[in-house]
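A.B. asks: Could you have a look at this structure, given as structure tokens, before my questions?
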């Protein structure tokens, strides 16, 4: 069990990093990684939404959709869960933590269309439900996968925003300024993360 | 008539969704390992884009603006489910190849972006043309990346070996290759822009 959890951790954070290997959550990765501070809070919010929606979608799929033969409603129902989770977090945060809400402001609603979140919930079902039956410990694994995927997102975001802060002061050739160099940097990062394959 | 044609053309060149608007990056990078996959993804996304654009522009008067984003997402998710079921039944090998990225068409930012920026403000026919143009622009760019990566990474075009005497560069078939090709394409595009 512990070994399986550890391998899940290594898989999601390093060898199959959500951003650099699976290409999920690319839009916020390029869009919100100019500065470290917003990148950090964005990743925190993503971790929270990922864990929360992993829990709800797992229950929804195994206790409502599967017994009733409604598997084809997966995409529609999952995206609704995520959208309402984000909306709820938005409202709770506004009431209880107005300062943090102001910092995150525009990034919060964007999490709904972050493909990493829908990606992790669909991946949980693909990995931990076999032939219409949940594998043992499947619920725990999906919640942990939500957490680890979010951590992987955070690791990539923090490295990238650190590098991009430095890139701003470098005299780059004109065609590479802005987004192109961000992709080249991401390519090199992805290449170096492939080194973790030996783990 | 002339302005309607402009709605169609802008998606292909001037406002190309990938190269200019930088939208829809996840599917672009993940499924562009071969021309076949890229074309399959491009056409599926185009279908969803056109259908959701038409439906949203039809219903724009009835959707209250406060719940418009969830409503758009449900409309888009419905069409994605149609694509999912049809593809699983008739193109099972493509469905397996694209895997998780078929349901993820729902969160392709191009589709929601066009719904919000265009279809919710324009007529049915204009929205259809906008969806068609954007879809073709997306499919074309995606296929270009797919072609480059398939030739360099696997030494093949559409699954057939290229009769060139060179060893395929494996890195282009792997994730870093996708980022590298797209980064260089963006740089070339930026070099071509007026100063």
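The values are calculated or read from the model by the stated rules, or taken from the named source; none is laboratory data. For clarity, every value in this text was computed on a predicted model and none was experimentally measured. Neighbour counts run over all protein chains shown; Cβ positions are idealised from the backbone, glycine included.
A.B. asks: So which of B:69, B:105 is in contact (Cβ under 8 Å) with a residue 40 or more places away in the chain, farther than 18 Å from residue B:45 by Cβ and facing chain A (nearest Cβ under 10 Å)?
C.D. replies: On the way: B:105 fails: farther than 18 Å from residue B:45 by Cβ.
The match here is B:69.
A.B. asks: Residues to consider are A:104, A:80, A:108; find the one that is modelled with pLDDT of 85 or more, within 25 Å of residue B:111 (Cα to Cα) and out of contact with any strand residue (DSSP E or B) (no Cβ under 6 Å at 6 or more places or on another chain).
C.D. replies: Values: A:104 fails: modelled with pLDDT of 85 or more; A:108 fails: modelled with pLDDT of 85 or more.
Residue meeting the stated conditions: A:80.
A.B. asks: Could I ask something else about it? Taking residue B:187, is it more than 14 Å from the chain's Cα centre (by Cα), in a helix (DSSP H, G or I), without any contact (Cβ under 8 Å) to a residue 24 or more places away in the chain and within 25 Å of residue A:22 (Cβ to Cβ)?
C.D. replies: The answer is yes for residue B:187.
A.B. asks: Take residue B:111 and tell me if it is surrounded by fewer than 24 Cβ atoms within 10 Å (Cβ to Cβ), touching a helix residue (DSSP H, G or I) at 6+ places or on another chain (Cβ under 6 Å), within 14 Å of chain A (Cβ to nearest Cβ) and closer than 30 Å to residue B:56 by Cα.
C.D. replies: Numbers: surrounded by fewer than 24 Cβ atoms within 10 Å (Cβ to Cβ): no; touching a helix residue (DSSP H, G or I) at 6+ places or on another chain (Cβ under 6 Å): yes; within 14 Å of chain A (Cβ to nearest Cβ): yes; closer than 30 Å to residue B:56 by Cα: yes.
Criteria not met by residue B:111.
A.B. asks: Take the residues in segment B:1-25 that are in a helix (DSSP H, G or I) and at pLDDT below 80, then tell me which one is surrounded by the most Cβ atoms within 10 Å (Cβ to Cβ).
C.D. replies: Per the criteria, the residue is B:4.
Let's see how each residue does on (1) under 15 Å from residue A:119 (Cβ atoms); (2) without any contact (Cβ under 8 Å) to a residue 24 or more places away in the chain:
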site: A:45; (1), (2): no, no
site: A:48; (1), (2): no, no
site: A:57; (1), (2): yes, no
site: A:62; (1), (2): no, no
site: A:67; (1), (2): no, yes
site: A:73; (1), (2): no, yes
site: A:78; (1), (2): yes, no
site: A:84; (1), (2): no, yes
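A.B. asks: Modelled with pLDDT of 90 or more, within 13 Å of chain B (Cβ to nearest Cβ) and crowded, with 23+ Cβ neighbours inside 10 Å: is that true of residue A:124 in this structure?
C.D. replies: Yes.
A.B. asks: For residue A:97, which of the numbered conditions (1) at pLDDT 90 or above; (2) more than 10 Å from chain B (Cβ to nearest Cβ) fails to hold?
C.D. replies: Going through (1) at pLDDT 90 or above; (2) more than 10 Å from chain B (Cβ to nearest Cβ) one by one, residue A:97 breaks only (1).
A.B. asks: Hey, any hits in segment A:16-34 for a residue that's more than 13 Å from every other protein chain (Cβ to nearest Cβ), within 17 Å of the chain's Cα centre (by Cα) and assigned to a helix (DSSP H, G or I)?
C.D. replies: No.
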